[in-house]
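Below you will find the structure I want to go over with you.
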There are 2 protein chains.
Amino acid sequence: MSISVSTPPSVAFLNGQFSAENVIKKVTRSGDLRGVFHDGDSWQAISPETPIYEVEMLRSPQGEGELYAGVTHLQPGRVGDEFYMTRGHFHQRREQGEVYFGLKGAGLLLLQDEKGDARLERVSPGSVHIIPGFSAHRLINTGNEILSALAVWPSIAGHDYASLTQGFALRVVERGGKVQVREVQNG
Amino acid sequence: MSISVSTPPSVAFLNGQFSAENVIKKVTRSGDLRGVFHDGDSWQAISPETPIYEVEMLRSPQGEGELYAGVTHLQPGRVGDEFYMTRGHFHQRREQGEVYFGLKGAGLLLLQDEKGDARLERVSPGSVHIIPGFSAHRLINTGNEILSALAVWPSIAGHDYASLTQGFALRVVERGGKVQVREVQNG
């Protein structure tokens, strides 16, 4: 008998490009990120069409226990002195974790728990980030090239942006050519 | 103020080696795999100490929603005409899925649902395997070098080997220098 062997999607670990028939893509532009960067004037000065990051996802089955795989490609750049970053979110299903793998570029993963305690992990090619449940997470590109990170997360996790209206407790800015982390006093 | 930035574990995508302070390792040897290969005489002839595969895992938080990351390194070789493979398992929590990424070497991922329907996906560097819930899974090394695959799976998934006492519906053997897939009639 002949048994068919299928060739699944693939990902290039060097840059996070998927080869697959059906990749879901979502671009987030500057105009989508109102209130995210601390310098509103500098944000206003940028064309709202400026792409900040793109997420590519493979199609997965849906339901409790099923997992997604996707890649985030975050552009290099700054809004004022603040490095480009993703909006960041808690999972709607708070207990659901996620795993990130750095693929390309240099940056930081900002993690924050529900009490507001924040910490940073260095993202670089091959870095492995076990994001526990109950943790908001945001990628920040502190380098000069695209920051690409591969992620695996539960399909039922969902996104909750609303609980972060006061923002993250840390901001990452450029100061005198260096990466500086500032604690936020009020949003 | 000074905010500490931590350096997380890393994985070499070229061979699946983790760099981390605390990697959990488990070696599975020929002697652990009684009844797994179809040729019992050839299995008996191999030293039970022969390492067949090793799983390396990072430490993760435990609990509903938390995720593990680990790498399986499967040796090349055969028991009789049958290629080295992992034991394979359903998740104890049947609905829990898993994602595999091929890193190194060449092989097959055998997937089988609860009705016994089986299929094979080609594993190669960069291949992405979305393993749905309710699917038993087994890696098979059909190449001449170690087959390494990175996996992410829910910490609460667990392993259920007992439901596979009748084995998988397909066996992968070497026949005349080629990889051949055989359908199993009875275990």
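The values are calculated or read from the model by the stated rules, or taken from the named source; none is laboratory data. Quantities reported herein were computed from a predicted structural model and do not represent experimental measurements. No Cβ is skipped: glycine too gets one built from the backbone with ideal geometry, and neighbour counts run over all protein chains shown. The protein model used for the area step is the full one, side chains on, heavy atoms only, and it has no ligands, DNA or RNA in it. Shrake-Rupley method; radii C 1.70, N 1.55, O 1.52, S 1.80 Å.
Count, please, the residues in the stretch A:95-150 that happen to be open to solvent by less than 10 Å² (accessible area, probe 1.4 Å), within 16 Å of A:Arg78 (Cβ to Cβ) and β-branched (Val, Ile, Thr).
The total comes to 1.
Looking only at the stretch A:76-89, which residues are closer than 20 Å to A:Tyr161 by Cβ and open to solvent by 10 Å² or more (accessible area, probe 1.4 Å)?
First, pick out the residues of the stretch A:76-89 that are closer than 20 Å to A:Tyr161 by Cβ: A:79, A:82-89.
Of everything in the stretch A:76-89, those that are closer than 20 Å to A:Tyr161 by Cβ and open to solvent by 10 Å² or more (accessible area, probe 1.4 Å) turn out to be A:Phe83, A:Tyr84, A:Thr86, A:Arg87, A:His89.
Checking B:Arg138 against (1) more than 24 Å from A:Glu98 (Cβ to Cβ); (2) part of a loop (DSSP other than H, G, I, E, B); (3) touching a Lys or Arg at 6+ places or on another chain (Cβ under 8 Å), which test does it fail?
(2)
What tally of residues in the stretch A:1-16 results from selecting those that are within 18 Å of A:Met57 (Cβ to Cβ) and either within 7 Å of another protein chain (Cβ to nearest Cβ) or modelled with pLDDT under 95 (or both)?
6
One residue is enough: does the stretch A:43-50 have a residue meeting the conditions within 25 Å of A:Ser124 (Cβ to Cβ) and open to solvent by 20 Å² or more (accessible area, probe 1.4 Å)? Step through it out loud before you land on a result.
Quick first cut of the stretch A:43-50, residues within 25 Å of A:Ser124 (Cβ to Cβ) only: none.
Within the stretch A:43-50 (the criterion being within 25 Å of A:Ser124 (Cβ to Cβ) and open to solvent by 20 Å² or more (accessible area, probe 1.4 Å)), the answer is no, since none of the residues qualifies.
Now for a separate question. Return the total of residues in the stretch A:123-144 being more than 7 Å from every other protein chain (Cβ to nearest Cβ) and touching a Leu at 6+ places or on another chain (Cβ under 9 Å).
Looking only at that region, the number is 11.
Does A:Val71 count as open to solvent by less than 20 Å² (accessible area, probe 1.4 Å) and either in contact with a Cys (Cβ under 7 Å, 6 or more places away or on another chain) or under 19 Å from A:Pro125 (Cβ atoms) (or both)?
Values: open to solvent by less than 20 Å² (accessible area, probe 1.4 Å): yes; either in contact with a Cys (Cβ under 7 Å, 6 or more places away or on another chain) or under 19 Å from A:Pro125 (Cβ atoms) (or both): yes.
Taking the combined requirement at face value, the residue satisfies it.
Further question: Of everything in the stretch A:16-31, what is farther than 16 Å from A:Leu139 by Cα and open to solvent by less than 80 Å² (accessible area, probe 1.4 Å)? Give them in sequence order.
A:Phe18, A:Ser19, A:Ala20, A:Val23, A:Ile24, A:Gly31
Does the stretch B:103-116 contain at least one residue that is part of a loop (DSSP other than H, G, I, E, B), modelled with pLDDT of 95 or more and either more than 8 Å from every other protein chain (Cβ to nearest Cβ) or farther than 16 Å from A:Val5 by Cβ (or both)?
Initially, the stretch B:103-116 is screened for residues part of a loop (DSSP other than H, G, I, E, B), giving B:105-106, B:114-116.
Filter once more, keeping what is modelled with pLDDT of 95 or more: B:105-106.
From what is left, the residues that are either more than 8 Å from every other protein chain (Cβ to nearest Cβ) or farther than 16 Å from A:Val5 by Cβ (or both) are B:105-106.
Yes, because at least one residue in the stretch B:103-116 is part of a loop (DSSP other than H, G, I, E, B), modelled with pLDDT of 95 or more and either more than 8 Å from every other protein chain (Cβ to nearest Cβ) or farther than 16 Å from A:Val5 by Cβ (or both).
Here's a follow-up. In the list A:Phe37, A:Phe90, which residue meets the criterion of being at pLDDT below 95 and touching a helix residue (DSSP H, G or I) at 6+ places or on another chain (Cβ under 7 Å)?
Every option except A:Phe90 fails the conditions.
Let me spell it out: the conditions are (1) more than 17 Å from B:Val55 (Cα to Cα); (2) in contact (Cβ under 8 Å) with a residue 40 or more places away in the chain; (3) open to solvent by less than 20 Å² (accessible area, probe 1.4 Å), and B:Pro154 meets all of them except one. Which number is the exception?
(1)
In the stretch A:84-98, is there at least one residue being more than 14 Å from chain B (Cβ to nearest Cβ) and assigned to a strand (DSSP E or B)? Show your work before the answer.
Filtering the stretch A:84-98 for residues more than 14 Å from chain B (Cβ to nearest Cβ) gives A:84-89.
Checking the rest, the ones that are also assigned to a strand (DSSP E or B) come to A:85, A:89.
Scanning the stretch A:84-98 turns up at least one residue that is more than 14 Å from chain B (Cβ to nearest Cβ) and assigned to a strand (DSSP E or B).
Given the criteria open to solvent by 60 Å² or more (accessible area, probe 1.4 Å) and out of contact with any Cys (no Cβ under 6 Å at 6 or more places or on another chain), does A:Ser10 qualify?
no
Right, another one. If I filter the stretch B:157-187 down to residues being within 18 Å of the chain's Cα centre (by Cα) and open to solvent by 40 Å² or more (accessible area, probe 1.4 Å), which single residue comes out as farthest from the other protein chains (Cβ to nearest Cβ)?
Applying the filter and picking the extreme gives B:Thr165.
In addition: Hey, can you tell me all the residues within the stretch A:1-16 that are touching a residue at least 40 places away in the same chain (Cβ under 8 Å) and outside any strand (DSSP E or B)?
Once the filter is applied, which keeps residues that are touching a residue at least 40 places away in the same chain (Cβ under 8 Å) and outside any strand (DSSP E or B), the stretch A:1-16 yields A:Pro9, A:Phe13, A:Leu14, A:Asn15, A:Gly16.
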